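Notes to accompany the following structure.
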Amino acid sequence: MPITLDKKNLRFTLKTDNTMYVMEMLYGKFPVHLYYGKKTIKKDFPNSNAGVAFQAYYEEHGEEFYPDSRTMEYPFYGSGDFRAAALKLRNGNTGGDTTLFTYKKARKLKGRVDIPGVPCADADENTETLELTLVDEFTKCELRLYYTVFPESDVISRYFVLENKGKTELSIEKCMSLCLDIQRSGFDVISFYGSHCHERKYQRTPTAHGLQSIYSRRGASSHQLNPFMMLVDSKATEEKGEAYGFNFCHSGNFLNEVEVSAYALKERTRVLVGLGQECFKWLLKPGEKFESPEAIVSYSDKGIGQVSRNMHKFIRNHIVPKEPYANRPVVLNSWEAFYFDIDAKLMVDFAKEAAKYNMDMLVMDDGWFGARVNDRAGLGDWFENKDRFPEGLKPFAEEVKAQGVKFGIWIEPEMVNPDSDLFRAHPEWIQKTPGYDPLLWRTQYVLDMANPEVVQYLKDSFSKTFKDVPIDYFKWDMNRHLTTVYSNALPPERQGEASYRHMLGVYELFRWLRELYPNAMIENCSGGGGRYDLGMMKYSTQIWTSDRTDPKWRTIIQHGSTFGYPTSTMSCHVAHVQDCRNPRFLDYRFRVAMNGPIGYELNVLDLEDSIKQTMKKQVGEYRQYEDLILRGDFYRLLNPVTDDMRYAYYFVNDDNSQILMTYLQNEGDPKQEKYKLKVSRADRNATYVDKINGGTYTGAELRAGIIVESDTEQQYSKMFWFCKE
Ligand code: GLA
């Protein structure tokens, strides 16, 4: 039973397979957080004031309760708690921004409460939800906090509904979905920063007194700071110590805050995850409801790696769409092979080659529509370029498929080039604040997806162009961020909603496309991995990890991505023709790519047969390991950011009978340093045979560690495939 409600003591307990979360309604009113950690039979969770003086208190309850120095479930602005608030509302009548939401009732629900129009996790038969209703007596506004428990992945999600049941107009000025107050300090934050072509670089920084935040103000979750974040004990390692993982099921702006506060008796750490305050405002008129996106948290006392595996399991079980095909298609993508210079004949020839080497899908990237022969024109004009596809898309796609491969196509729905029929007809459909010029970025503007007419236009033009075209895969791209954000479909007093409503329009189009093509797969992309987030994963089986395909930087990007996301979502291509002519480099690239579902992105028409035969062998090899790569448990062993650019990891299946371990080293090492790679999941008494290099090991030997010696030559890799006898 994941949720127990002790209505007498107003103490509510949530349990996952390995963790427990306890809260209490202090004085029958204030939701106070008591415990989140390892499952325990303990019943006593002391929660007293951390401060002794210079504190605000309610006369009625005296100095026993200082809101600022307790651990709170959901703190409000103006309530005597001076730390970062989860919710700030402004009263339209009084202009005041103080609220006090107190406990009204609680109930337990089977499954979950869906959030209309917003991507959120799927429930299964073990999912339960606690609904905690609070009311602000002055405004009669009702706040329903939801805690949904996903026991098998040790994840608890948080979201809320705010319903204005009073007569006063309210506006939401800060909106956070999750708050976690911890009764101590001494943590590090692990977050993932970067830029285009350098996404999700690992960084670990000690927390300090005060506020630390990661965020996006770009209208996309962004390359710069990913919404996934960890809070770990300052001594925690991959295998040991307390760690929490946080994420937000949203692809637009976000704010994660970590605040450490000192008091006379104790320190506190507060974590908040949500839409934030800077890029979000929402007007809540009497009778209206606002539903927040969902945030998630997971805890483990078994180290950082276990929190990653919790996240992987949760995303695979509750977020990503069902796999549309028995095997994940190995794609051959046209982008790095030809950029914009594509046409029907070339693509059919390309497809023919893909089939010869056992690749499964041709992906026709940018350049097939409108006047899109470079990045200066055509976005928004979603009809085929007649010069390049004279017979039309349908017969062309059929010919591609007649070669024995699936057919995938690139789209970038949210964008428009100024040089396009769409922009000429509807200049008012872009994001542009009156009085200010819109900014360009890759010669394109962002469409106003908060405007239902724009979303409808896209639906109409895609349905017309793709009618009867047998499409198996969409690569959905988004190549710039939002500036001069504004929607002509909203009145002035609702402009603070434009950015969030834009994202809702994007999600609406995603859902529509999935319904139109229920059997197709979507690969998300945003200048590479600029929207590598749970919101996108709800609709996309995989995400293009980065435009950086150079293996040196790629290993850092892939390593960082594995902390919060399963490798099954991490689309990895073998690319760059020059280096691939060198068999050693080709092999290295392939091994770098085998951290996730693989593909190829190079002009195979221009390669010698021996290289193509190697690729064919590689596809076969990938198929042998695919199940481990897509569904195995993942363990990081070396961190390229802290271990001198060495990356090592292994995958293991459920019964520990197969272990695939990889060591990667991009640069030559004259010192030939040795690394001990410990396979902690090997069964101690079992015997394992390494099917790649030969050799037999006991599980105990694998657990003690295999020595890998680095090589003097650059781009060196070593793989091991340990199979139980
Ligand atoms: C982005 C993507 C690339 C490619 C180009 C096409 O940069 O990340 O993979 O699709 O757009 O314009």
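The values are calculated or read from the model by the stated rules, or taken from the named source; none is laboratory data. Predicted, not measured: the structure shown is a model, and the values here were computed from it. FYI the Cβ positions are ideal-geometry reconstructions off the backbone, even for glycines, and counts take in every protein chain you see. Note: accessible area is taken over every heavy atom of the protein model, side chains too, but ligands, DNA and RNA are not part of it. Shrake-Rupley method; radii C 1.70, N 1.55, O 1.52, S 1.80 Å.
Electrostatic bookkeeping for Val271 treats Lys and Arg as +1 and Asp and Glu as -1; over the other residues with beta carbon under 10 Å from its beta carbon, the sum is -2.
Measure nothing but the geometry: give the 0 to 90° angle between the long axis through the Cα atoms of 452-465 and the longest principal axis through the Cα atoms of the chain, rounded to 10°. With rounding to tens, the tilt is 20 degrees. Largest accessible area first, the listed residues Ser185, Ser177 line up as Ser185, Ser177 when surface is computed with a 1.4 Å probe on the assembled protein chains. FRET efficiency for the Thr40 to Asp654 pair, using the beta carbon distance and R₀ = 25 Å, is estimated at 0.40. With the highest mean first, a sort of the peptides 231-239, 716-724 on other beta-carbon atoms found within 10 angstrom per residue produces 716-724, 231-239. Counting only protein chain heavy atoms and rolling a 1.4 Å probe, the accessible areas of Asp188, Asp579 rank, largest first, as Asp579, Asp188.
A full extension of the chain between Cys723 and Val52 corresponds to an added length of 235.5 nm, given 0.36 nm per residue minus the alpha carbon distance. Residue-normalised convex hull volume from the C-alpha trace of the chain: 162 Å³ per residue.
The residues of the chain present an accessible area of 36 Å² per residue when probed at 1.4 Å with all protein chains retained. Divide the volume of the convex hull around the Cα atoms of the stretch 74-121 by the residue count and you get 150 Å³ per residue. Measure nothing fancy, just the Cα-based angle from helix 609-631's long axis to the longest principal axis of the chain, in degrees from 0 to 90, nearest 10. The angle comes out near 30 degrees. I'd like the distance separating the alpha-carbon centroids of the stretch 288-365 and the stretch 138-167, in whole Å. When both Cα centres are located, 31 Å separates them.
Just need the Rg to Rh number for the stretch 94-191, please, alpha carbons only, Kirkwood Rh. Provide the component values of the computation, followed by the final result.
Values: Rg = 16.0 Å, Rh = 15.7 Å.
Value, to two decimals: 1.02.
Reducing the stretch 567-624 and the stretch 377-404 to their Cα centroids gives an inter-centroid distance of 27 Å. Surface composition of the chain: carbon and sulfur atoms hold 49% of the protein heavy-atom accessible area at a 1.4 Å probe.
Report the percentage of all Cα-Cα pairs in the stretch 483-594 whose separation exceeds 17 Å, rounded to a whole percent. Result for the distance tail: 64 percent.
Across all directions, the average flat footprint of the convex hull enclosing the Cα atoms of the stretch 578-629 is 3.4 nm². Take every Cα pair under 8 Å whose residues are at least 6 apart in sequence, average their separation, divide by the length of the stretch 227-288, and the relative contact order is 25 percent. On a full-extension model of 0.36 nm per residue, what is the gain between Lys289 and Ile692, subtracting their alpha-carbon distance, rounded to one decimal in nm? Full extension of this stretch gives 139.2 nm more. Here each label is just a point 7 Å from Cα along the line to Cβ, and for Thr205 and Gln613 those points are 5.3 nm apart. At each listed q (0.16, 0.21, 0.25, 0.31 Å⁻¹), what is the log10 of I(q)/I(0) that the Debye formula gives for the stretch 303-360 modelled as equal alpha-carbon point scatterers? With one equal scatterer per Cα and no solvent, log10 I(q)/I(0) is -0.71, -0.84, -0.98, -1.20. On the beta carbon distance between Asn93 and Glu60, with R0 = 30 Å, the FRET formula returns roughly 0.75. Overall, the ratio between the Cα radius of gyration of the stretch 22-159 and 2.2 N^0.38 Å, rounded to two decimals, is 1.16. Remark: C-alpha extents of the stretch 267-409 on the principal axes read 66, 44, 29 Å, sorted largest to smallest. Taken along the Cα-to-beta-carbon direction at a fixed 7 Å, the label points for Asp627 and Lys140 span 6.1 nm. Length gained on full extension, Lys167 to Asp421, computed as 0.36 nm times the residue gap minus the Cα-Cα distance: 86.8 nm.
Using heavy-atom solvent-accessible surface (probe 1.4 Å) with all chains present, what is the largest-first order of Glu257, Glu493?
On the way: Glu257 10, Glu493 110 Å².
Heavy-atom accessible area, descending, gives Glu493, Glu257.
Ranked by the mean number of other Cβ atoms within 10 Å per residue, highest first, peptides 367-374, 51-58, 65-72, 340-347 order as 65-72, 367-374, 340-347, 51-58.
Pairs exceeding 24 Å between alpha-carbon atoms, taken from Lys201/Lys616; Lys538/Lys612; Lys401/Lys612; Lys617/Lys678: Lys201/Lys616; Lys538/Lys612; Lys617/Lys678.
Alpha-carbon geometry of the stretch 607-708: the Rg and the Dmax are 15.4, 48 Å, given in that order.
With 15 Å as the cut-off, how large is the P(r) tail for the stretch 227-288, expressed as percent of Cα-Cα pairs? Provide the component values of the computation, followed by the final result.
Values: 1245 of 1891 pairs.
Distances greater than 15 Å cover 66 percent of the Cα pairs.
Computed over the chain, the per-residue total of -39500 (n - 2.57) for DSSP H runs of n ≥ 4 gives a 222 nm mean residue ellipticity of -5500 deg cm²/dmol, rounded to 500. For a label point 7 Å from the Cα of Glu391 along Cα→C-beta, name the residues of the stretch 456-477 whose backbone N is under 19 Å from it. It comes to 465-472, nothing else.
Calculated FRET efficiency, Ser463 to Ser234, Cβ-Cβ distance, R0 = 60 Å: about 0.65 to the nearest 0.05. How far is the Cα center of the stretch 636-695 from the Cα center of the stretch 1-41, in Å? So the separation of the two Cα centres works out to 40 Å. Rounded to the nearest 10 degrees, the angle from helix 583-593 to the longest Cα principal axis of the chain is 30 degrees. How large is log10 I(q)/I(0) at q = 0.23 Å⁻¹ when the Debye formula is applied to the Cα atoms of the stretch 158-236, each weighted equally and without solvent? The Cα Debye sum returns log10 ratios of -1.18. Could you tell me which trypsin sites (Lys or Arg not before Pro) in the stretch 560-614 are loop residues by DSSP with no more than 16 other beta carbons within 10 angstrom of their beta carbon? Sites meeting the loop and neighbour criteria: Arg581.
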